[in-house]
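A quick write-up on the structure given underneath.
Each value in this text was obtained by applying a stated rule to the coordinates, not by laboratory testing. Keep in mind the model is a prediction, meaning the values are calculated, not measured. All Cβ positions, glycine included, derive from the backbone under ideal geometry; neighbour counts span all protein chains shown.
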Amino acid sequence: MTIALYPGSFDPVTNGHLDTAIRAARLFDTVVMAVFDRPNKNLLFSTAERVELLQEATRELPRIRVTTYNALTVHYARQIGAGVIVRGLRVASDFEHEFQMAQVNQTIDADIDVVVFMASRKYTFLSSTTVREVASLGGDVSGFVPPHIVQALKRKFAHKE
Ligand code: ADP
């Protein structure tokens, strides 16, 4: 059985992330979407909120599991028995970052392979940052994220006003 780890900030999870996870679940038996607990970024949603939103988004996808972690990604992959790390590539600018991370990961643990999915054409432009920005200005993000996340963003920005 092949377990694939799909790590990310998922702040919040978008339809682009979900598309990648669903495609990965066609290749691997289990895809573990793992919310990184301490990314070096300004986050809108707490770790607990990001996990909850992701769980709701994947509730009807039996091969996808949701967890959280705060270790090195390759160490966490080994801990859960994942032989593969899944990432997504949207534009050329993603490449450098993903390539560098894959090289570092390979240096730390050569047994774990990074498998990169090319973003589907309709999601190439989509990032969590874009979703947060559009939502913060009152724009419609219903084409970018599942309905419960549209609501969560509305609640978040209502409190911030
Ligand atoms: P990180 O902070 O680790 O980059 P993200 O949550 O932003 O986490 O993204 C996790 C992974 O998903 C990254 O490999 C990213 O390139 C990929 N990704 C993000 N948005 C999309 C999308 N629209 N389509 C495909 N892959 C995506």
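How many residues does the stretch 66-124 contain that are of a type outside the set (Phe, Trp, Tyr), over 16 Å from residue 34 (Cα atoms) and in contact with a His (Cβ under 9 Å, 6 or more places away or on another chain)?
Summing the residues that are of a type outside the set (Phe, Trp, Tyr), over 16 Å from residue 34 (Cα atoms) and in contact with a His (Cβ under 9 Å, 6 or more places away or on another chain) in the stretch 66-124 gives 2.
What is the number of the single condition among (1) over 23 Å from residue 106 (Cβ atoms); (2) in contact with a helix residue (DSSP H, G or I) (Cβ under 9 Å, 6 or more places away or on another chain); (3) crowded, with 22+ Cβ neighbours inside 10 Å that residue 5 does not meet?
For residue 5, the exception is condition (1).
Scanning the stretch 9-48 for residues that are assigned to a strand (DSSP E or B) and out of contact with any Lys or Arg (no Cβ under 8 Å at 6 or more places or on another chain), which turns out surrounded by the most Cβ atoms within 10 Å (Cβ to Cβ)? Spell out the reasoning first.
As a first pass, look at the stretch 9-48 and keep what is assigned to a strand (DSSP E or B): 30-36.
Retained after the next criterion (residues that are out of contact with any Lys or Arg (no Cβ under 8 Å at 6 or more places or on another chain)): 34, 36.
Numbers: 34: 26, 36: 21.
In this case the residue turns out to be 34.
Looking at the stretch 72-161, what helices (runs of 4 or more DSSP H) fall wholly within it and have at least 2 residues that are surrounded by fewer than 17 Cβ atoms within 10 Å (Cβ to Cβ) and near the ligand (Cβ under 10 Å from one of its atoms)?
Working: elements: 73-79, 92-108, 128-136, 147-160.
Correct list: 92-108, 128-136.
Any chance you could count how many residues in the stretch 84-135 are under 13 Å from residue 7 (Cα atoms) and of a type in the set (A, V, I, L, M)?
The qualifying residues number 8.
Which of the residues spanning the stretch 49-71 are hydrophobic (A, V, I, L, M, F, W, C) and part of a loop (DSSP other than H, G, I, E, B)? Before the answer, list the steps.
Step one: of the stretch 49-71, the residues hydrophobic (A, V, I, L, M, F, W, C) are 51, 53-54, 57, 61, 64, 66, 71.
Of everything in the stretch 49-71, those that are hydrophobic (A, V, I, L, M, F, W, C) and part of a loop (DSSP other than H, G, I, E, B) turn out to be 61, 71.
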